[in-house]
Amino acid sequence: MRFFNKVKGTLDIATRKSQDALEINKLNTQIKKLETEAEKLYQSIGEKIFRDPIMEQDETKHHVKAQVHALTHLHRQIDEMKGKVLFLKDLVTCDSCRQIVTISTKFCPDCGNNIAELVKRTMKNLSLEEHNLSNEKDKPLS
């Protein structure tokens with residue numbers, strides 16, 4: 001019976017690893033799409049500034065402000081997705097010094113930040129996010 005339990009445990013780990021690999025690929029594809037979208041926004045800003053370098057026209061000011069707002073939102077999404085990819089690889093970024101460390105680390109080797117607390121917060125945020133996504137899917141379309 002112990003043999004079968006070990007085999008089952010190994011299969012569970014392999015299944016989780018393959019699901020994580022699929023999720024990582026999906027996230028990386030989404031990240032690339034968002035980065036492409038961000039590049040287009042940067043180009044759009046550059047073209048407006050090229051045509052109106054001292055931003056005299058109100059249209060230029062409004063355009064740049066709107067694009068910067070959109071870029072801020074995109075970069076937030078990209079950072080969240082990159083954090084998920086790291087977490088799926090059993091890694092986190094220290095929120096104090098930005099060093100990438102394993103989730104099994106208690107304290108950051110560079111700055112001493114409590115990584116165990118960071119992992120708990122990250123797990124909580126990810127589970128809340130997944131819960132919110134599943135609630136969105138369950139909502140009837142209006």
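The values are calculated or read from the model by the stated rules, or taken from the named source; none is laboratory data. Because the structure is a prediction, the values reported are computed rather than measured. Each accessible area value is taken on the protein alone, full model and side chains, heavy atoms only, with ligands, DNA and RNA left out. Shrake-Rupley method; radii C 1.70, N 1.55, O 1.52, S 1.80 Å.
Quick notes
- Pairs exceeding a 20 Å alpha-carbon distance, out of Lys17/Lys84; Lys48/Lys82; Lys33/Lys82; Lys40/Lys65; Lys33/Lys61: Lys48/Lys82; Lys33/Lys61.
- Across the stretch 1-103, the mean sequence separation of Cα contacts (distance under 8 Å, 6 or more residues apart), normalised by length, yields a relative contact order of 26 percent.
- Over all distinct Cα-Cα pairs of the stretch 1-127, the Kirkwood formula returns a hydrodynamic radius of 17.9 Å.
- Protein accessible area in the stretch 9-62, 1.4 Å probe - carbon and sulfur %: 56
- Annotation: amide H-H contacts under 5 Å for Phe107 (H modelled 1.01 Å from N, sequence separation of 5 or more, or interchain): Ile115.
- Estimated at 0.36 nm per residue, the fully extended path between Cys111 and Glu39 surpasses their Cα-Cα distance by 22.6 nm.
- Under Karplus coefficients 6.51, -1.76 and 1.60, residue-wise ³J(HN,Hα) of the stretch 19-26 in Hz, glycine/proline x: 5, 5, 4, 5, 5, 4, 4, 5
- Taking amide H as placed 1.01 Å from N in the peptide plane, the amide H of Gln99 sits under 5 Å from that of Cys94, each at least 5 places away or on another chain.
- The spread of Cα positions in the stretch 13-87, taken along each principal axis and listed from longest to shortest, comes to 60, 15, 13 Å.
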